[in-house]
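Notes to accompany the following structure.
Only the coordinates and a few stated rules stand behind these numbers; no lab work does. Because the structure is predicted, anything quoted here is derived from the model rather than measured. Because the Cβ atoms are built from the backbone with ideal geometry, glycine has one as well, and the counts that use them run over all protein chains shown.
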Amino acid sequence: MTGLTPLAITTLMMPGTDARKVDEFLAGKQFPLTEGPNVTFVWRGDAEGVNLRHWIYGLETATALSRLPHTDLWFLTLDIPEGSRIEYKFEVLRNGKGEWIEDPRNPNRARDPFGANSVLQAVGYEAPDWSTKDDLARPGTIDQLVFDSPSLEGRRNVQMYLPARFRRSRQYPLVVVHDGKDYLNYASMKEVLDNLIHRLEIPDVIVAFTDSPDRLREYANDEAHARFLTEELVPDLAARFPLYDRPQARCLMGASFGAVASFSTACRYPGFWGRLLLQSGSFAFTDIGKRNRRGPLFDRVVEFMNRYRNEPVAVSERIFVSCGVYESLIYENRSMVPLLDATGMQVRFVEARDGHNWENWRDRLREGLSWVFPGPLMFVYE
Amino acid sequence: MPKAPRAVVLLGAQRFDPTLVEAVKDLGIKGRIAAITAGWQEREEEDDDLEEHLATLSVTTENLRLHARAEEVFRADPEFHKAHRERQALLRHRQDFYRIRLEHALDAAQVIRQRQAPEAILEDEAHASIQAIRDLDHMHLSRCAIDRGEFEDRYRPLKRPALAKHRSEIAEIIAGSEGVAIAGGHVASLLNRLDLFGIAPMLGGKAIFAWCAGAMAISERVVLFHDSPPQGVGAAEVLDAGLGLAPGVVVLPQPEFRLRLDDKERVQLMARRFAPAVCLAMPERSRARWKSGRVESQQGGVFELREDGTHALSVARHSVPPMKGHVAS
């Protein structure tokens, strides 16, 4: 119910509902159907069962849709808080087997390295206009560089973003990004940079998009990875590009394990990375015992985090931390904030009604980037 | 004491609906106007629109090219360039540390405002909160002045041949102009170039037209502000002293999208913080004219922020003893 108004789906719960009435109900409506906080998911077809599959921490990962009697329409109504953005799929059960599919009635999709999900945009959520191509914003360029890394004993490709008005006579701050390809492909980071620079919300900036062939190992507090970034990549970039040579103009960023890699690298080189942007960091720790519930993949992270939590020190100057409230990691991220804050580092923490996904990280880029590197907006009056 | 300008006219934004010609016409100017567009930085010489706008009155313009000239000076005098860069880095540190203190003072004011206490105590503490912020502003301005003095004593910019040559050319152009138009743009960059070439003493007897960052730069105190920046609620901050040609006011351009005028607490804080100077919001098409150190006329919707948290159309009555600026005195 929305106040005293019955939900639209209840009109089908009358005797005599048939295929024609279902057709009429579905016609012209956008699904999932949002009526205030109530969201109704529907799927139509023959099946033994249909489940809503999502990644909202705190709710059952599979929630069954109900079949409307005498029809092939399956539905589920959930109470979803305002401003939420939820990625989901349907699991359709046939012949005892489940098939995960995108919602055919919902045009909203989010792509990620594993494919795509349907997206529920609850009342109050709007995809940010600064994340899509703006014809007024001059596009920066992206070129590929190849590095031979002694630390990593191999070659690494780095995609370099240069701002539209790049000039060799100027100096620029540097952002180094973990999981660079994913940030470019799934978080629209090039468009975001172009737009935020155009809007004066961040300064002209040079961005190095890095990737790892073995991220779960290299990003989990790895000494060689930290050395590569700090002692090899940055000096090499400084020789090629006009970069400011000061910690305040160096930002390291990443999401999930990429955030762990960023933070652990900053801890190994305290004072070098003056800005950190950490999204949904996998900052697993234990208060007792050495193994976290998340399993052995996290053992090195837990060891690192427990050590840091035991003796927190300032390793950077300004840190932006964000996390979705529908992520299991919200607990770890919320726990990090007072710890970091107490060291004297400036910390900004932002939560969103979203999950552990690339569009959540995209949606926080404006607040994050403008926090670590405020643009000339406060300086330009014309 | 340097000769005062003939008149100083502050204007609202000129980008979409320029009103400069009206102000120029009112002062009966028919000769050349020297243009300063250094706030546009590398785009400094893209001033065709300005030129065409003034050409409707048959007034010609000559761009002083302060940004480009500074680059030429830096190329010709590497030692000075290095020193200038170091000074800019120092200014950034100063601004950063001032901002940290300021944010804490504003937070403290907010916490105190939420507390329950007898009204007289709250009122007294509110004054103390404002005073603490004013003290920080004052300390920041003092430090900027000391840093500037030390830099000038050490490097004697105006005596350096590369710079002196340009300064002499600039002075000649201004001397042969009836007025000087100072456009907006990046206010720190603009102020830096005005300061670098010691422009203020050259403006005596001239009609000065300034808008947006230009208007801020020639006031006595440059206040950076934006109530809704992307990184959260913004705190207005003092950048530095301006040229001091428009005394008694803090110029706030583009209030249409920079100020939250419905937020009484923010308006009140701004007005009290900078008093006795008046916070003058200057929307598009607005205009205010100074003569002999006081506002002579205003039109087009100039309004002022009041200490009770309201705002209202301003009337021409401001005559406040100027602060000690770094160039005007």
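Quick check for chain B: number of Lys pairs with alpha-carbon distance under 18 Å, counting only pairs 8 or more apart or on different chains? All intermediate terms of the calculation are to be shown ahead of the outcome.
Values: B:K3/B:K206; B:K3/B:K291; B:K3/B:K324; B:K25/B:K206; B:K25/B:K291; B:K30/B:K206; B:K82/B:K159; B:K206/B:K291.
The number of close lysine pairs in chain B is 8.
Convex hull volume of the Cα atoms in the protein assembly as shown, per residue, in Å³? Display every interim value, and only then the final one.
Working: hull volume 144.7 nm³, N = 711.
In the protein assembly as shown, the Cα hull volume divided by residue count equals 203 Å³.
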GNM top mover of B:Q110, B:Q41, B:Q268 - chain B, alpha-carbon springs below 10 Å: B:Q110
Qualifying GluC sites (Glu not before Pro) in segment B:215-296, DSSP loop, other Cβ atoms within 10 Å at most 15: none
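Find the relative contact order for chain A and round it to a whole percent, using C-alpha pairs within less than 8 Å whose residues are 6+ positions apart. Please report the intermediate quantities before stating the final value.
On the way: 767 pairs, mean separation 50.9, N = 382.
Computed value for chain A: 13 percent relative contact order.
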Only Lys, Arg (+1) and Asp, Glu (-1) charged, at Cβ; segment A:85-242 dipole about Cα centre in debye: 400
Amide H within-cut-off set for A:A352, under 5 Å, with H built and near neighbours excluded: A:C323, A:G324, A:V325
Selection from A:L33, A:I80, A:T230, by position along the positive dipole direction of the protein assembly as shown (Cβ): A:T230
Model label zone, A:R246; criterion: amide N under 18 Å from point 7 Å along Cα-to-beta-carbon; scope segment A:179-204: A:203-204
Where labels lie 7 Å past Cα in the beta-carbon direction, separation of B:D26 and A:M14 in nm: 6.9
Given charges at Cβ of Lys, Arg, Asp, Glu: segment B:61-136 dipole, positive-most of B:V111, B:L91, B:N63: B:N63
Loop-located GluC sites (Glu not before Pro) in segment B:21-79, at most 16 other Cβ atoms within 10 Å (DSSP): B:E45, B:E46
Helix B:119-155 vs. chain B, principal-axis angle (Cα, 0 to 90°, nearest 10): 30
Cβ-based charge dipole, segment A:129-378, positive-most Cα from A:Y331, A:Q144, A:L377: A:L377
Between 0 and 90°, nearest 10: helix B:161-175 axis offset from chain B longest Cα axis: 90
Selected from B:A213, B:A281, B:A108 as most flexible by GNM, with chain B as the system and alpha-carbon contacts under 10 Å: B:A108
DSSP-loop trypsin sites (Lys or Arg not before Pro) across segment B:91-157, with at most 16 other Cβ within 10 angstrom: B:R115
A:E231/A:D143 FRET efficiency (R0 25 Å; Cβ-Cβ; nearest 0.05): 0.60
Contour excess over end-to-end distance, with Cα ends at A:S66 and A:K29 and 0.36 nm allotted per residue: 11.4 nm
Student exercise, segment A:129-378 dipole from Lys, Arg, Asp, Glu Cβ charges, in Debye to nearest 20: 300
Top of B:K30, B:K206, B:K82 by mean-square fluctuation, Gaussian network on chain B, Cα under 10 Å: B:K82
Anisotropy class of segment A:278-323 from Cα gyration tensor, a/c 1.5 cut: oblate
Check: the protein assembly as shown dipole with +1 on Lys, Arg Cβ and -1 on Asp, Glu Cβ, in debye: 1520
Expected 222 nm ellipticity per residue - DSSP helices of 4 or more, -39500 (n - 2.57), all of the protein assembly as shown, to 500: -10000 deg cm²/dmol
Cα-based helix-to-principal-axis angle, B:264-274 vs chain B, degrees rounded to 10: 60
